Amino acid sequence: MHNDLKLFNELAEFLLSEEVSQPVAIPIDTKVLYETIDIELKDEPTIDETFKSTLKDIIKSTPKTASKAFFNQLFGGRMSRATLGDLLAVMLNNSMYTYKVAGVQVGIEKVILQHICKRIGYGDDSDGTIAPGGSMCNYMAMLMARDAFDNTIRNEGVSNKLIAYTSETSHYSVTKNASFIGIGRHQVRSVKTNAKGEMLVEDLKLQIEQDIEKGFQPFFVNATAGTTVLGAFDNVEQISKVCQAYNLWLHLDGAYCGSVIFSKKYKHLVNGIELTDSFSLNAHKMLGTPLGCSIIVTRDKANLYQSFSNEADYLYQTNDDAFNLGKTSLQCGRRNDALKLWTLWKSVGTNGLEQIVNHQFYLADVARDYIQSNSDYTLYSFDDSISVCFNYKGISAKTLCTNLYEHSKLMVGYGTYRNETFVRLVTINTQVEKNDIISFFKTLEAFVG
Ligand SMILES: *Cc1c(COP(=O)(O)O)cnc(C)c1O
């Protein structure tokens, strides 16, 4: 291990220098991938020097998500204290299902969950878990809602038409999850949105009433804090009133921007969050931990146990359920995704998390100001969003983004809303500064010429 740790350090240093010297790795065409890099597996072992140089080739060619030219997806950058925690978690290699095997790491996960529950105004009966991704958090929420609606389904299967509601701009996982939980994709209603991409509550109400009239059974509403393309926030307060009136489970998908709960300045974007039945956030998005760190909490832990606990005497041999986290998790063996968030949180404090969140909104303001003061640009997005959507000189966003990538200039993606396709600059990397945002635009402009 000592030798490999030395090698790891050398490779990590190499990566850090590559991120600066070649922030967008030269892309390899898939047609020549296997000829360009020696990734084929063979019968014979590889000698150490070759092994090392192959690893360097791989590092060199791998897209650099922590570089200052990466604005492509809803994550990026590297919070070093969080990376440290994740490296430790890999070395410790616990499985989070029992206290016997994970010990203090269980406490670390519980502390995180308790803080988040308290912060959003859930009471003493609340609890949560860390799931393998935001999509799976949404899945767990939908499953809890299904069982809360009718607790015979988990044994007998679905026999009624259960209907779920989510806005047309919400994440695709909601529809996919409907097939997983057995209600079927066609039972997900797409609720209309306004120009900003926020759910239209009147349309939600209308569709619920139409479904009830047809004899269907509404059970679940998914609201979004930070929609995937525009970064819009649904109005939780208004939606929760509808959910209360019709007795529906309300989940708030905060995978993208749920971390606004840490900011005094921006937490108003999720006003009413205490009225939800469940809430999820991806710490690997706004908080910048390594992938993945997806947290779901629910107002009443009885729902978690109802949907996810199973007796297994080969597994649960010591300690009480509250410390045997396998009783509330989706999977059995579970990686420690808590430690990386804890090392970050412990070292910067809750105030530090707030600064991380605020900085991203600041960078988005910088980008919007730049766009608005330059007539070659058209802006499509709104205040209080860290997805800054725009077009430049009427050039096709798809062509522009693809060319920037193929010429190793910038990694940035595009999105579509209401028949407009635009570049989506995501200001989620907290290590980025104002001048990096400006140089993003300058690079783009110089490239177009
Ligand atoms: C990213 C995202 C998800 C999915 O999270 P994964 O961790 O990628 O599974 C769900 N909902 C929203 C709004 C997202 O932005």
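The values are calculated or read from the model by the stated rules, or taken from the named source; none is laboratory data. These figures come from a predicted structure and were not determined experimentally. Positions of Cβ are backbone-derived with ideal geometry, glycine not excepted, and every protein chain shown enters the neighbour counts.
Take the conditions (1) surrounded by fewer than 21 Cβ atoms within 10 Å (Cβ to Cβ); (2) modelled with pLDDT under 95; residue 379 misses just one of them, which is (2).
Among the residues of segment 87-98, count how many are in a helix (DSSP H, G or I) and crowded, with 21+ Cβ neighbours inside 10 Å. Don't jump to the end; show me each part of the working.
First, the residues of segment 87-98 that are in a helix (DSSP H, G or I): 87-92.
From the residues that got through so far, the ones that are crowded, with 21+ Cβ neighbours inside 10 Å too are 89.
Matching residues across segment 87-98 total 1.
Selection of first residues in segment 61-76 that are farther than 14 Å from residue 406 by Cα and charged (D, E, K, R) and of second residues that are within 16 Å of the ligand (Cβ to nearest atom) and part of a loop (DSSP other than H, G, I, E, B), restricted to Cβ pairs under 8 Å at least 6 apart or on distinct chains, gives the following pairs, ordered by first then second residue: 68/429. Number of residues in segment 408-449 that are within 26 Å of residue 359 (Cα to Cα) and in a helix (DSSP H, G or I) equals 12. On inspection, residue 432 qualifies as buried (at least 20 other Cβ atoms within 10 Å of the Cβ), among the aliphatic types (A, V, I, L, M) and under 30 Å from residue 111 (Cα atoms).
Filter segment 119-138 down to the residues that are in contact (Cβ under 8 Å) with a residue 12 or more places away in the chain and over 22 Å from residue 289 (Cα atoms) and list them by number.
First pass over segment 119-138, keeping only residues in contact (Cβ under 8 Å) with a residue 12 or more places away in the chain: 119-123, 125-138.
Within segment 119-138, 121, 122, 123, 125, 126 qualify.
Considering only residues in segment 171-189 that are touching a residue at least 12 places away in the same chain (Cβ under 8 Å) and charged (D, E, K, R), the one that is nearest to the ligand (Cβ to nearest atom) turns out to be 176.
Which of the following residues is within 19 Å of the chain's Cα centre (by Cα), within 15 Å of the ligand (Cβ to nearest atom) and of a type in the set (Val, Ile, Thr): 298, 289?
Numbers: 298 fails: within 15 Å of the ligand (Cβ to nearest atom).
Sole residue among the options that is within 19 Å of the chain's Cα centre (by Cα), within 15 Å of the ligand (Cβ to nearest atom) and of a type in the set (Val, Ile, Thr): 289.
Picking from residues in segment 243-280 that are aliphatic (A, V, I, L, M) and surrounded by fewer than 19 Cβ atoms within 10 Å (Cβ to Cβ), the one that is farthest from the ligand (Cβ to nearest atom) is 245. Within segment 138-163, the set of residues being β-branched (Val, Ile, Thr) and outside any helix (DSSP H, G or I) comprises 152, 158, 163.
Every condition in (1) surrounded by fewer than 21 Cβ atoms within 10 Å (Cβ to Cβ); (2) at pLDDT below 95 holds for residue 396 except the one numbered (2). I'd like to check something: does segment 349-363 contain any residue that is modelled with pLDDT of 95 or more, surrounded by 17 or more Cβ atoms within 10 Å (Cβ to Cβ) and outside any helix (DSSP H, G or I)? Looking for residues that are modelled with pLDDT of 95 or more, surrounded by 17 or more Cβ atoms within 10 Å (Cβ to Cβ) and outside any helix (DSSP H, G or I), one finds none in segment 349-363, hence no.
Of the listed requirements (1) under 24 Å from residue 135 (Cβ atoms); (2) more than 16 Å from the ligand (Cβ to nearest atom); (3) not β-branched (Val, Ile, Thr); (4) not in a helix (DSSP H, G or I), residue 195 misses just one: (1). Condition test on residue 292, is it in contact (Cβ under 8 Å) with a residue 60 or more places away in the chain and under 25 Å from residue 413 (Cβ atoms)? Yes: the conditions hold for residue 292.
Does residue 202 satisfy the criteria of being of a type in the set (Asp, Glu) and over 25 Å from the mean Cα position of the chain (by Cα)?
Numbers: of a type in the set (Asp, Glu): yes; over 25 Å from the mean Cα position of the chain (by Cα): yes.
Yes: the conditions hold for residue 202.
Can you spot a residue in segment 389-407 that is assigned to a strand (DSSP E or B), without any contact (Cβ under 8 Å) to a residue 40 or more places away in the chain and more than 23 Å from the chain's Cα centre (by Cα)? Yes, the conditions are met somewhere in segment 389-407. Being in contact (Cβ under 8 Å) with a residue 12 or more places away in the chain, in contact with a helix residue (DSSP H, G or I) (Cβ under 7 Å, 6 or more places away or on another chain) and closer than 14 Å to residue 134 by Cα holds for only one residue in 275, 281, and it is 281. Please determine whether any residue of segment 301-309 is within 16 Å of the ligand (Cβ to nearest atom) and under 19 Å from residue 128 (Cβ atoms). No: segment 301-309 contains no residue that is within 16 Å of the ligand (Cβ to nearest atom) and under 19 Å from residue 128 (Cβ atoms). If you go through segment 151-170 and keep only what is within 13 Å of the ligand (Cβ to nearest atom) and in contact with a helix residue (DSSP H, G or I) (Cβ under 7 Å, 6 or more places away or on another chain), you end up with just 166.
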